[in-house]
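Input: a single structure, listed below in structure tokens.
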Amino acid sequence: MAKKVAFLQGNEAAAHGALYAGCKFFAGYPITPSTEVAEVMSIELPKIGGKFIQMEDEIGAMAALLGGSLAGVKALTSTSGPGLSLKQELIGYGCIAEIPCVIVNVMRGGPSTGMPTGPSQSDIMCAKWGTHGDHPAICLVPASVQEVFEETVRAFNLAEKYRTPVMIMPDEIVAHMRERIVFPEPGELEVIDRTAPSVTPDKYKPYDTSFGDVPPLAAFGSGYKFHVTGLNKMQDGFPTTKAEIVQAEEERQVRKVEANKADIMKWEEYQIDDADVVVVAYGSTSRSARFAVDEARRAGIKAGLFRPITFWPFPEERLLEISKKVKGFISPEMSLGMCAGVIKGCIEGNAPVLGIFRVDGEPVNPGQILDKIKEVK
Amino acid sequence: MAYDYEKYIRPGKLPHIWCPGCGHGIVMKGLIRAIDTCGLKKEETAIVSGIGCASRLPGYLDFCTLHTAHGRAAAFATGVKMVRPEMNVILVGGDGDGTAIGGNHFIHACRRNIDMTYIIMNNKIYGMTGGQFSPATPTGDKASTTPYGNPDPAFDIAKLAIGAGATFVARGTAFHANQIDKLIAEAIQHKGFSVVEILDDCPTTYGRRNKFKSVIEMMNYLKESTVPVKAAEKMSPEQLKGKVLTGVLYKEDKPEYTEEYAKVIARAQAAK
């Protein structure tokens, strides 16, 4: 039988990807340009017995999301810049209490209300550093409608596997453009569920590291009773200020991601092997970049594209390796150098990083990137 | 025979953090008796709180307990209840947590009439942070941040709940200890969003700044400043001046939220 094909927006694809991953709960608050995610979930979830709730504000949506996940189901919310700022305290709660969930953040112009209908890539640092305290961060940045679907499935897999909030952040262009999408068959993409406890309720501890860095998570209402808090906690979930326990638990929470970077990181390399100039671009900007790289090749310039699909954790080691062989990097982005700064931070000064920074609500166009490629000597 | 509270207390988690003379322990005992009266099973009951002295209560009880962030108990609990409508969900917290930083979640939980019970321990002060004024601090009172007297008017929390759509609203006090469990039990048995405000005392950060010489004086104040709602019916407006009503203040039957959402599911599946 032929696979189901559709002509969808990125936002719609995120919702369908979530459903494919087994999402059964959505809690959100309306915000442009992400509302289609909520709208599709409000239509589809009740059909499969799932639950949709529109909460009273952004942080309330984040709270309900965490509560829903703790009750045992895969949970999704969607938002955009201002909403991401408002959710931050509880994103940190999800990190310390280790509650899996997925946040779709459609990147629009900022700061503050900024340009609600304009594209941007300036939430990328907020995804890693937005909430206070040390914490793990996983952030995925798809570049096509098909990829939004697939990466949303992967976002759920990573959230469930590592028991932590995961962000997927299409820019407004990727979120609103329509493309052909081929729906994977059930079973075609891997779907991971959180590890349930293997011990009886009387022996269960919610942060029992004898099971490894990612302890099994029981659900409220499933026969297990336990305590959850946003305070630094012990293995049994109760608060502690004991120095050695707090230090060890904080380190473990971050290590869940850091020690598994190879599993979480994902990127695409295009014409990199012999490249003199490497454009590092993600999201919709990577589409302009690919066009510019092809044009440069036609003009005899050895250009290549490095496209992060996972932005956090960032593929630092691979870029460092590449930096030893190239004359320069180009960082075209819809922010004032956030990605360029990240690149500079991992290449040890081996090559210059030339930026093309647009925050005027317009995409970086291929001509701009081609001109910059030609500047690298 | 003495009541067996131990059955519901988490082993090894006492003593509690509350100061001598604080009424929160009286409320916790009332809650335990109410849970026992209602026959709630530990594994099927979630007790959810925010941040503050009162919000430390769930940690002492042997249930599914969720100590959330400041003000967010009602929103977390809404997520739990939506996913597992069969669970009993009880919220506990203080006046600042519930009506200032958590005010929005509070009024919307009332509006939805989602079947949960919210116990607000109103001691008129932010105790844990050292006695700053809250939305429940009376005008003119002293707090660490109102050294010249509080310029703010106070919320009437019970009226706020009724106005926002809660379908069961009651008020008790830490003095009237034997009434607390009855009010909470009735609230738990009510289908819909129920609010029980317990007027409480904070001798450490409120009493000493506001001319209460002892805990006994504070308890006497709770006794003398309140009137049962039934007794009030026979009293003149003059006699009722300055008095706060206690008992079941409001009760109505209205569609409950998770049951309404079950109808949404039925409609969506019928249309499929």
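The values are calculated or read from the model by the stated rules, or taken from the named source; none is laboratory data. Treat the numbers as computed from the prediction; the structure is a model and nothing was measured. Virtual Cβ from ideal backbone geometry, glycine too; neighbours counted across all protein chains shown. Please note that ligands, DNA and RNA were not included when accessible areas were found on the heavy atoms of the full protein model with its side chains. Shrake-Rupley method; radii C 1.70, N 1.55, O 1.52, S 1.80 Å.
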Legend entry - Filtered trypsin sites (Lys or Arg not before Pro), the range A:244-310: DSSP coil and at most 16 other beta carbons within 10 Å: A:266
Legend entry - Residue (of B:195, B:94, B:38) at the positive-pole extreme of chain B, dipole from beta-carbon charges: B:94
Legend entry - Selected from B:236, B:226, B:148, residue furthest toward positive end of dipole (chain B; charges at beta carbon): B:148
Inset, instruction - Hey, for a label at residue A:48 modelled as a point 7 Å past Cα toward Cβ, could you say which residues of the range A:161-197 have their backbone N under 19 Å away? - result: A:161, A:166, A:168, A:181-195
Inset, instruction - Kindly work out what percent of the DSSP beta bridges joining two residues of the range A:1-264 are antiparallel, to the nearest 5. - result: 30 percent
Inset, instruction - Give me the percent of the accessible area of the protein assembly as shown that comes from carbon and sulfur atoms, probe 1.4 Å, all protein chains in place. - result: 54 percent
Legend entry - Probe 1.4 Å, accessible area per residue of chain A, Å²: 36 Å²
Legend entry - Mean shadow area of the range A:1-264 over all directions, Cα convex hull, nm²: 14.0 nm²
Legend entry - Buried accessible area, chains A and B (both chains, 1.4 Å probe, Å² to nearest 100): 3300 Å²
Legend entry - Residues along the range A:234-253 losing 40 Å² or more of accessible surface when the other protein chains are present rather than the chain by itself (probe 1.4 Å): A:238
Inset, instruction - Hey, for a label at residue A:255 modelled as a point 7 Å past Cα toward Cβ, could you say which residues of the range A:296-313 have their backbone N under 19 Å away? - result: A:313
Inset, instruction - May I ask you to list the chymotrypsin sites (Phe, Trp or Tyr not before Pro) in the range B:104-176 that are in a DSSP loop and have at most 14 other Cβ atoms within 10 Å of their Cβ? - result: B:148
Legend entry - Shielding by partners, peptide B:84-96 (average Cβ within 10 angstrom, other chains): 2
Inset, instruction - With a 1.4 Å probe and all protein chains in place, put B:112, B:84 in order of accessible area, largest first. - result: B:84, B:112
Legend entry - Estimated inter-spin distance, residue A:190 and residue A:132, nm [label 7 Å along Cα→Cβ]: 3.8 nm
Inset, instruction - Over all directions, average the projected area of the Cα convex hull of the range B:21-270 and note it in nm². - result: 13.6 nm²
Inset, instruction - Kindly provide the Kirkwood hydrodynamic radius of the protein assembly as shown in Å, to one decimal, from all pairs of distinct alpha carbon atoms. - result: 26.5 Å
Inset, instruction - Go through A:43, B:198 and list them by solvent-accessible area, largest first, probe radius 1.4 Å. - result: A:43, B:198
Legend entry - Kirkwood Rh in Å, taken over all unlike Cα pairs in the range A:91-213: 16.3 Å
Inset, instruction - Classify the range B:155-272 as rounded, prolate or oblate, taking a ≥ b ≥ c as the square roots of the eigenvalues of its Cα gyration tensor: rounded when a/c is under 1.5, otherwise prolate if a/b is larger than b/c and oblate if not. - result: prolate
Legend entry - Heavy atoms of residue B:29: accessible area, 1.4 Å probe, square angstrom to 10: 90 Å²
Inset, instruction - Would you mind getting me the FRET efficiency between residue B:159 and residue B:6? Use the beta-carbon distance for r and R0 = 41 Å, nearest 0.05. - result: 0.65
Legend entry - Solvent accessible area, Å² - residue B:188, 1.4 Å probe, full protein context: 30 Å²
Legend entry - Qualifying GluC sites (Glu not before Pro) for the range A:1-93 [loop in DSSP, other Cβ within 10 Å: at most 10]: none
Inset, instruction - With a 1.4 Å probe and every protein chain left in place, work out the accessible area per residue of the range B:1-134 in Å², rounded to a whole number. - result: 31 Å²
Legend entry - Most positive-pole-ward Cα, A:234, A:152, A:34, against dipole of the range A:1-264 from beta carbon charges: A:234
Inset, instruction - Would you mind computing, in nm to one decimal, how far apart the modelled labels at residue A:241 and residue B:178 are, each placed 7 Å from Cα along Cα→Cβ? - result: 4.0 nm
Legend entry - Relative intensity, log₁₀ I(q)/I(0), of the range A:17-78 from a Debye sum that treats every alpha carbon as a point, q = 0.28 Å⁻¹: -1.25
Inset, instruction - Could you work out how far apart the two model spin labels at residue B:233 and residue A:203 are, taking each label as a point 7 Å from the Cα in the direction of the beta carbon, and quote it in nm? - result: 5.9 nm
Inset, instruction - State the Cα centre-to-centre distance between the range B:110-184 and the range A:131-162 in whole Å. - result: 41 Å
Inset, instruction - For the protein assembly as shown, give the magnitude of the charge dipole about the Cα centre (Cβ charges: +1 Lys/Arg, -1 Asp/Glu; no others), in debye to the nearest 20. - result: 860 debye
Legend entry - Cα pair distances in the range A:1-118, grouped into 10 Å bins until the bin that holds the longest one, percent each: 15, 46, 31, 8, 1
Inset, instruction - Can you work out the PRE-style zone for residue B:225? Point 7 Å along Cα to Cβ, and I want the residues of the range B:92-124 with backbone N under 16 Å. - result: B:95-96, B:121-124
